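The values are calculated or read from the model by the stated rules, or taken from the named source; none is laboratory data. It should be emphasised that the depicted structure is a prediction, and the values quoted were computed from it without experimental measurement. Methodologically, a virtual Cβ is constructed for each residue, glycine included, from the backbone with ideal geometry; neighbour enumeration extends over all protein chains shown.
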């Protein structure tokens, strides 16, 4: 798995590492201009291999994008897990920790984030490992909601459904921020954190047990 800071320059290809070299080359191209920049020839050229080489691992562009977005979900899960370890176990702070990790990830990997959730290029369910990776992230939300319920801090109800409410608000916020639709509230070094925390405070008012 790549570091949390995101994809680095692909290393020169050597035997046994072709798949990762192609994924990282694809991540670079995606970051430069979105999915329209991706095709197997461009990826092969960026990775420094023959045009035929990608077909050893990817049947077509869709398979490559599935692998790239799967890598994105692994990075996002790692970022969230790290945030949860670093914040207090109090349910509200756990929600804020997830939210800040999610928003910062979106800011750092804008095109990857768009592709991970667009649903326009690929059907996620047709790629088993990609689907599993995306569900791993969702379970992190659900687990925090469930722990909040067990502690008596959150309302009762299906924790997965409540996690869906949380994710809907969180994802909407992240997209608005990366599309620069939350200015001037997100301006300045603390703007994004202030808006994110305020959003989760407002949502928490609906989750909290009275």
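So the values come out like this:
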quantity	calculated
Search result, residues across segment 131-148 that are farther than 17 Å from residue 168 by Cα and either touching a helix residue (DSSP H, G or I) at 6+ places or on another chain (Cβ under 8 Å) or surrounded by 22 or more Cβ atoms within 10 Å (Cβ to Cβ) (or both)	131, 133, 146, 147, 148
Residue list for segment 79-99, filter: out of contact with any helix residue (DSSP H, G or I) (no Cβ under 6 Å at 6 or more places or on another chain) and closer than 15 Å to residue 141 by Cβ	81, 93
Candidate set from segment 130-167 (those that are touching a residue at least 60 places away in the same chain (Cβ under 8 Å) and within 17 Å of the chain's Cα centre (by Cα)); member that is nearest to residue 59 (Cα to Cα)	130
The lone exception for residue 107 - which of (1) part of a helix (DSSP H, G or I); (2) over 14 Å from the mean Cα position of the chain (by Cα); (3) closer than 28 Å to residue 21 by Cα; (4) touching a residue at least 12 places away in the same chain (Cβ under 8 Å) it fails	(2)
Residue match in segment 12-31 (condition: over 14 Å from residue 108 (Cα atoms), at pLDDT below 80 and within 24 Å of the chain's Cα centre (by Cα))	no
Residue that is modelled with the lowest pLDDT [pool: residues in segment 165-188 that are farther than 14 Å from residue 103 by Cα and surrounded by fewer than 15 Cβ atoms within 10 Å (Cβ to Cβ)]	188
Selection within segment 24-39 - surrounded by 21 or more Cβ atoms within 10 Å (Cβ to Cβ) and more than 16 Å from residue 113 (Cβ to Cβ)	24, 25
